[in-house]
Amino acid sequence: MENLIGLLVAAPLLGAGLLLCGGPRLDRAGHWIGTLLAAVSFALGAVLFADLLGRGREDRTLTSHLFSWVPVGGFRADVGFQLDQLSMTFVLLITGVGTLIHLYSVGYMEHDERRRRFFGYLNLFLAAMLLLVLADNYLLLYVGWEGVGLASYLLIGFWQHKPSAATAAKKAFLVNRVGDMGLSIAIMLMFTTFGTFAFGPVLAHATDAGEGRLTAIGLMLLLAACGKSAQVPLQSWLGDAMEGPTPVSALIHAATMVTAGVYLITRSGAIFNAAPDAQTAVVTVGAVTLLFGAIVGCAKDDIKKALAGSTMSQIGYMILAAGLGPVGYVFAIMHLVTHGFFKAGLFLGAGSVMHGMNDEVDMRRYGGLRTYMPVTFVTFGLGYLAIIGFPGLSGFFSKDKIIEAAFAKGGTEGWILGGAALLGAAITAYYMTRVMVLTFFGEKRWQPDAEGNAPHPHESPRTMTIPMVVLAFGSVFAGGLFSINDTFLKWLEPVTGHAEGNSPVSALTVTIGTMVVLVLGVALAWAQYGRRPVPVTAPRGNLLTRAARRDLLQDDFNHVVLVRGGEHLTRSLVYADHTLVDGVVNGTAASVGGLSGRMRRLQNGYARSYAVSMFGGAAVLIAATLLMRAV
Amino acid sequence: MNPVNYLYLAALLFTIGAAGVLIRRNAIVIFMCVELMLNACNLAFVTFARLHGNLDGQIIAFFTMVVAAAEVVIGLAIIVSIFRSRHSASVDDAGLLKL
Amino acid sequence: MSTTVAAAGMTSTGEAVQFWLLGTVAVVGALSTVLMRKAVHSALSLAGTMIVLAVFYLANGAYFLGVVQVVVYTGAIMMLFLFVVMLVGVTAADSLKETIRGQRWLAGLCALGFGILLIAGIANASLKDFTGLGQANSGGNVQGLAALIFTKYVFAFEITGALLITAAVGAMVLTHRERTERAPGQRERSQARVRAGEQLPPLPAPGVYARHNAVDVPGLLPDGTPAELTVNPTLRARGQIRDVSGEALQELAALEQRSAEWVEGGRTEGAKEARK
């Protein structure tokens, strides 16, 4: 059974290799090969899942040691896999949602001549992500981590002929590199602290190390998570990443990439539990990001960017939950899974809308699409209800738990975090209703594009609608299934541990509060966009709206602080290099050169001159001898 | 007269010879000046032999003469071969020491 | 020549006189070795100095060395010098103009300092008591030296012998020129001459016109100027050519005048005879 773990990673990797190296002869069947191998991976995951379910609760960890990677003296890096409940959850999410997105892409990328390559990249993405969640040590995790970064770069910049896509890919890669630095530093710190990278020893002995060390490791891990999961301050790449094809956005936002940060923090829970300062940093980042993303999401007219803001916000919820410690780990992962379903569904729905609207992304030019695209409307609508936390749907269960856990943090902190989470829920309801209303309700606002082609909204082909339907089912039922008898909690508890917080407010109060803010948000959005005609060109808006349209000035901030600052630093360093360093070096060289230029006059090549110096030397020797004798 | 005057004379001759080596450019004359310096040393050795009352100083002077003879033979041969190739006996013309 | 056994302490008055006289000669000889423009003169001055030194060796009780000094140094080495001077060019007078800037000043300064230090060193040493060689030379100077050379210094002696042989071989190697090709014959030489565009016919003879038939007188060209080719280049280099071009014309003029006078005189003589 353990051997299947390797195959789990190998299948999509094989697909990537085949599709990327196979050449044009695979053009016709490439997309099906890719989808098939993703499905194989999912099937293997399902088999392993069944196997795990068949074991006792405490015995659900499979390990598979493949080979010794870098055995050098005391340094030992192995390639080995560890499949426990946490990894299993991710495997199922990644391969399941991944396979659906593959299937969807078959239809979505039908007219793209580089479809084979696209599927190769998708498979590579899956393989890297699986490697990340299955690795049994941090070094191998890092390999998967970098693989995810590479695959995301390739996919975001897939339409590289568009300068904006190429730039967005570069931006995502660079911002991710900052996070990667954090992870590599964290791994180095781990090695110096624990002498190993393996999860087992590191996490088991986490409490032995000093708290300062652990805080440092935790902060570096948080930096890494911020990079991959698009958390403040490394969030800027996520919005631009929408330049990639929509299935890529769905994959990045739902199943892979952004969930890696949550996985990393949850996996390293033992370290964070022992480092309260690092945990505080994590919850701060989570809370700030969930509001940040939500505000950005409110202002965007681009449907994909609005959803991107929403992802940022939802991941913020997860990071917040993960930062709460054992109280929140389970709910972070649970929200991650449900989010995987409904966010994938929403993105695929958005892609379907764009597909029918000549790739128009401005929601102000949609309107009244519910009659033209009934399947998309229904699936998107279910996803919408799930994300805003409509009672009974999956988002309701997971998000509610997170808000409860945030209050359960206790003290002022608890109130602040809980309040932020509650506020986030209200804003989520607002912006999602806005997206929904602008897209599917109201009057038709679409216009011919620049070339005079009026869009003819139509439903998407089967390959695209089937995954949407499946995901809609997940969006509706996943949360409920997980919550019956606390199934998910019991499933994950052996890995992450769990603690019931003592919330100052009862669960019922939280639920009621959530419902109230939900209704308020929806009502506000309906009042603003449902009851009044929507202008096709966006009104100027107030200061906050304009700032939010510019992603709350994140790029301006980065430009002013990092780019300008970097430029100034570089310039001053170059100046210092030229004047100080080069000055010293060149000055030394010049003085030596000048001195030598004068000294070489002594070397005139005349034997008689040399004889004079010899004779003078002899005189000096005699003088010295006499002097020494006299003394 | 104190025989030490011989030593003063030897020192004087040696210095004159050394100055000649430095001043003259003709390799043959330089060589002669070297011989003068050797002879001054010989005089000093002979005087030292008288000072100490044994013949070792004379023996050294004798060996110096023999070595000087060998040196002259070789040195003059070198001068001749240099003169053959350069048509000059001036030491300044052999300026290959400087690039 | 004072051959008296060098006494301890002070020397005899005769030796003192000899020292001051010959010492002056030696210093003058050394100075002229350095200062004479021509190498031959330098060599001769050096020979003089060496002879004086030989006398001093004898005075110091080194009889064998005194003789060797005369025979080997003055007789052999200095003659070798003279030979080389001849070979290289007797007349190649050294220009005494210094070409290296500051060399003469530096040399003078160094020599002065060196000499002063050396003399100060000698003066500083306590050299009052001279043992003298009376006892050492009692069995004969040559015998004493021989006893030392063949006992105490025998290895040095042998090695010196090896050195001499090496030097002889070295001198031969240095001056020997290996001929790597056949010597050019008359044909080759003439062809080379034609190719070089030099004087093809035999050189014109010097001292023509039967007035000056010496080799140092260049032949005259029809216009009365001397022809450079007619004299030996060595003589030309030495500047030992007698230019007779002006002299010849003058003498011609004088001859004509005299013959005119003679003709005139003969006429008057004839008239006188006729009157008688």
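The values are calculated or read from the model by the stated rules, or taken from the named source; none is laboratory data. Bear in mind that the values here come from a model prediction, so they are computed numbers and not experimental data. Cβ sites come from the backbone with ideal geometry, for glycine too, and all protein chains shown count toward neighbours.
Worth pointing out:
- Scanning region C:98-122 for residues that are exposed (fewer than 13 other Cβ atoms within 10 Å of the Cβ) and within 8 Å of chain B (Cβ to nearest Cβ) turns up just one, C:Thr99.
- Residue under evaluation A:Val232, criteria (1) surrounded by fewer than 21 Cβ atoms within 10 Å (Cβ to Cβ); (2) modelled with pLDDT under 85, criterion not met: (1)
- Qualifying helices (runs of 4 or more DSSP H) (wholly inside region A:132-241; at least 1 residues being of a type in the set (Val, Ile, Thr)): A:138-156, A:163-194, A:199-204, A:211-229
- Remark: pairs (first residue in region C:132-143, more than 18 Å from B:Phe48 (Cα to Cα) and within 8 Å of another protein chain (Cβ to nearest Cβ); second residue in a helix (DSSP H, G or I) and at pLDDT below 80; Cβ separation under 8 Å; 6+ apart in sequence or on different chains) are absent.
- Evaluation of A:Ala43 against (1) touching a Lys or Arg at 6+ places or on another chain (Cβ under 9 Å); (2) within 27 Å of A:Phe488 (Cα to Cα); (3) modelled with pLDDT of 90 or more (one fails), failing number: (1)
- Residue within region B:47-55 that is within 22 Å of C:Gly23 (Cα to Cα), surrounded by fewer than 23 Cβ atoms within 10 Å (Cβ to Cβ) and within 14 Å of chain A (Cβ to nearest Cβ) present: no
- Residue in region C:68-78 that is over 35 Å from the mean Cα position of the chain (by Cα) and either modelled with pLDDT of 90 or more or on the phi > 0 side of the Ramachandran plot (or both) present: no
- Any hit, region A:621-628, residues being free of Cβ contacts under 8 Å to residues at least 24 places away in the same chain, within 14 Å of chain B (Cβ to nearest Cβ) and in contact with a Gly (Cβ under 8 Å, 6 or more places away or on another chain): yes
Residue-wise test of (1) part of a helix (DSSP H, G or I); (2) over 22 Å from C:Tyr153 (Cβ atoms); (3) under 14 Å from the mean Cα position of the chain (by Cα); (4) within 13 Å of chain A (Cβ to nearest Cβ).
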| site | (1), (2), (3), (4) |
| --- | --- |
| B:Gly17 | yes, yes, yes, yes |
| B:Val29 | yes, yes, yes, yes |
| B:Gln58 | yes, no, no, no |
| B:Phe62 | yes, no, no, no |
| B:Ala70 | yes, no, yes, no |
| B:Asp93 | no, yes, no, yes |
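- Flag if C:Phe56 is within 8 Å of chain B (Cβ to nearest Cβ) and either touching a Phe, Trp or Tyr at 6+ places or on another chain (Cβ under 9 Å) or surrounded by fewer than 13 Cβ atoms within 10 Å (Cβ to Cβ) (or both): yes
- Scanning region B:31-56 for residues that are outside any helix (DSSP H, G or I) and aliphatic (A, V, I, L, M) yields a single hit, B:Leu55.
- Scanning region A:589-631 for residues that are over 24 Å from C:Thr99 (Cα atoms) and assigned to a loop (DSSP other than H, G, I, E, B) gives a single hit, A:Val631.
- Test: B:Ala40 is over 23 Å from B:Phe83 (Cβ atoms), more than 7 Å from chain C (Cβ to nearest Cβ) and modelled with pLDDT of 90 or more: yes
- Residue that is surrounded by the fewest Cβ atoms within 10 Å (Cβ to Cβ), among those in region C:155-187 that are among the small types (Gly, Ala, Ser) and within 12 Å of chain B (Cβ to nearest Cβ): C:Ala162
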